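S.K.: I'd like to ask some things about the structure below.
The values are calculated or read from the model by the stated rules, or taken from the named source; none is laboratory data. The structure displayed is predicted, hence computed values, not measured ones. Quick reminder, even Gly has a Cβ in these numbers, built from the backbone with ideal geometry, and neighbours come from all protein chains shown. These accessible areas exclude ligands, DNA and RNA; they are computed on the full protein's heavy atoms, side chains included. Shrake-Rupley method; radii C 1.70, N 1.55, O 1.52, S 1.80 Å.
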Amino acid sequence: MIASVSGTVEVLSPGSAVVDVGGVGVLVWCTPSTLARLRVGERARLATTLVVRETELTLYGFRDADERDVFEILQGAAGVGPRLAQAVLGVHSPDVIRRAVAEEDLATLTKVPGIGRKSAQRIVLDLRDRLGPPSSPVPPPPRAAAPPPAAADPRLGAAGEQVRDALVGLGYSAKEALDAVVAARTALHGPGDGAAVTDGGDGVTGDGAAGGADPAGPVDPAALLRASLAVLRPR
């Protein structure tokens with residue numbers, strides 16, 4: 001196992017970074033919050049875990065060992081693979097995930113693109129005794145101060161609404177999130193063109209995303225999130 005990498009950041013993309021480690025460019029897949037801390041030409045140290053499959057070796061990077069540990073534990077839930085586990089950490093911090101699982105807060109878990117109510121229930125059932133309590137108190141989202149839910153937009157569909165809400169949770173404005181998702185859908189599938197759902201190798205396609213049926217056909221929320229981030233954060 002490669003527990004960490006340390007070196008100069010050579011390349012940043014919406015979903016990954018290339019770190020020069022002793023003259024070797026190592027490709028590391030990271031969450032948006034981790035990538036936001038990196039700068040091309042500067043040194044960085046990332047906690048990492050290597051996922052080994054028959055046809056590929058994939059290195060995932062995190063800001064610290066706690067994120068990495070939660071990433072590995074999340075994959076112990078039925079149907080959760082590395083990409084979906086990384087998507088969870090892209091939306092929530094480790095302690096927010098611990099609180100959500102401990103309190104069976106399905107609403108928090110389903111904010112992650114690709115996780116519907118059934119997937120959230122499986123995560124709670126499988127991991128409630130494995131994640132442990134938060135390392136510091138994490139208050140639940142304030143109900144009174146929470147913004148009203150965004151109005152449904154016919155251009156988004158079910159997956160698009162879920163990705164829009166996730167982008168707002170990452171700090172983008174509602175308009176930025178909406179425009180990015182619409183642009184990403186067009187870039188991925190063309191105007192009014194559907195695309196088949198894929199599981200990104202994780203065995204998960206999402207089950208019951210927020211909103212109604214997608215007017216343009218099924219859309220992979222994880223792919224749409226990556227494409228939307230590419231629109232918002234061009235390198």
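S.K.: Say a paramagnetic label sat at a point 7 Å from the Cα of ARG37, along Cα to Cβ; which residues of region 56-86 have their backbone N under 11 Å from it?
M.R.: Only 62-68 pass the distance filter.
S.K.: Still on this model: Starting from the amide H of VAL26, placed 1.01 Å from N in the peptide plane, find each other amide H under 5 Å away whose residue is 5 or more places distant or on another chain.
M.R.: Close amide H contacts, sequence-distant or interchain: VAL19, ASP20, VAL21.
S.K.: Also, I was wondering about something else. Roughly how many nanometres apart are two label points built 7 Å out from the Cα toward the Cβ at ALA187 and LYS118?
M.R.: Placing both labels 7 Å along Cα→Cβ, they lie 3.2 nm apart.
S.K.: Separate question: What ranking do 107-113, 224-230, 119-125, 183-189 get when scored by the average of other Cβ atoms within 10 Å per residue, highest first?
M.R.: For the peptides 107-113, 224-230, 119-125, 183-189, the packing ranking is 224-230, 107-113, 119-125, 183-189.
S.K.: Here is a further query. For region 1-64, give the percent of accessible area contributed by carbon and sulfur heavy atoms, probe 1.4 Å, rounded to a whole number.
M.R.: Looking at region 1-64 in its full context, I get 52 percent from C and S.
S.K.: If each Cα of region 15-130 is one equal point scatterer, what is log10 of I(q)/I(0) from the Debye formula at q = 0.10, 0.13, 0.15 Å⁻¹?
M.R.: So the normalised log intensities work out to -0.31, -0.51, -0.66.
S.K.: Further, regarding this structure: P(r) of region 50-97 in 10 Å steps, Cα pairs, percent per bin?
M.R.: Calculated over all Cα pairs of region 50-97, the distribution is 26, 59, 15, 1 percent.
S.K.: Out of residues 5 or more away from SER16 or on other chains, whose amide H comes under 5 Å of its own, with H placed 1.01 Å from N in the peptide plane?
M.R.: CYS30
S.K.: Mind checking the log10 I(q)/I(0) for region 1-75 at q = 0.13, 0.15, 0.20, 0.28 Å⁻¹? Debye, one equal scatterer per Cα, no solvent, two decimals.
M.R.: The computed values of log10 I(q)/I(0) come out as -0.34, -0.45, -0.80, -1.43.
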